[in-house]
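What follows is one structure encoded as structure tokens, with my remarks underneath.
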Amino acid sequence: MADKKTSSVTPPTNPRGIPAAPFVDNVADYVSSRSEVEPTLRSFQEMISKYQFMEVNTQRRGQGLRDKIPDIKKTLEMVRFLKLRRDGASDKPLETNFELNDTLYARATVSPADTEEVYLWLGANVMLAYPIEEAESMLADKLSAAEKSLANCEEDLEFLREQITVCLSLFFLFFGIFSLGVWGGETWIIAHANCCVDAGGCDGSGL
């Protein structure tokens, strides 16, 4: 059966372990009888659904990273700015507005000597204090990891779209064979079309 043929050899995968679609260079070798066509069609339908599911999840993950990266960059730039002022770039107090809520701000004056540590939101209403050097290092690592993950998402999306295209092409190839009843030079009667078709085509007399 076609299912056995597709599962007998482990397909290659991309770096994240997403399996590649099967490569069919000879239809007759892949499906040896008409009875195997329907299971093969179901197999390709399942593969297409799985690839499309992974595509949607990867798109969501990528969008989440695109939303997160600018915030990380902005926070990292601020930490580096505070570190630069602390290290003597300027001894003038910094006047700024602290966001307390979406529409509520508090004005504050920050002395360069008071920036030995910063407070970072970690999510889930959790905030922790970090020494400024540790905060810079952590944010730089998070930014690098997020950018790498985004690049992987984009690579995976391209790979998934290629596999969906391959599976769709194979699905319609086998569907055409099944619908027309053309297999190995034999002639079959197709009930739903009520048309006699051979390898040379149909003259339409049965339609």
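We did not get these values from a lab; they are worked out from the coordinates using the rules stated. Note that the coordinates shown come from a computational prediction; the quantities given were computed from them, not determined experimentally. Backbone-built Cβ (ideal geometry, glycine too); neighbour counts: all protein chains shown.
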TODO: State, as an integer percentage, the relative contact order of the stretch 28-197 based on alpha-carbon contacts under 8 Å between residues 6 or more apart.
DONE: 29 percent
Open item on the list: If each residue of separation counts as 0.36 nm, what is the full-extension length gain between MET138 and SER169 once their alpha-carbon separation is subtracted?
Closed with: 6.5 nm
- [ ] May I ask you to list the residues of the stretch 102-136 whose amide nitrogen lies under 17 Å from a point 7 Å from Cα along the Cα→beta-carbon direction of ARG80?
- [x] 132-136
Task: Qualifying aspartates and glutamates (Cα of each under 13 Å from Cα of LYS83; at least 8 residues distant if same chain) - done: ASP91, ASP114, GLU116, GLU117, GLU133, GLU134, GLU136
Task: Pairs from LYS50/LYS142; LYS74/LYS142; LYS74/LYS148; LYS73/LYS148 whose Cα-Cα separation, in the structure shown, is over 23 Å - done: LYS50/LYS142
TODO: Over all alpha-carbon pairs in the stretch 28-197, figure out the percentage whose distance exceeds 20 Å.
DONE: 70 percent
TODO: Under 15 Å from the Cβ of PRO70, count the other residues' Cβ atoms, weight Lys and Arg +1, Asp and Glu -1, and hand me the total.
DONE: +1
Open item on the list: Cα atoms only: what Rg and Dmax, in Å, come out for the stretch 87-152?
Closed with: 15.0, 44
TODO: Return the long-range amide H neighbours of ALA20 (sequence gap of 5 or more, or a different chain), with a cut-off of under 5 Å between placed amide H atoms.
DONE: THR13, ASN14
Open item on the list: Sort 159-165, 105-111, 122-128, 132-138 by packing, meaning the average of other beta carbons within 10 Å per residue, with the highest value first.
Closed with: 159-165, 132-138, 105-111, 122-128
TODO: Pull up all non-local amide H partners of VAL110: gap of 5 or more, or a different chain, and H-to-H distance under 5 Å with H placed in the peptide plane.
DONE: LEU94, GLU95, THR96
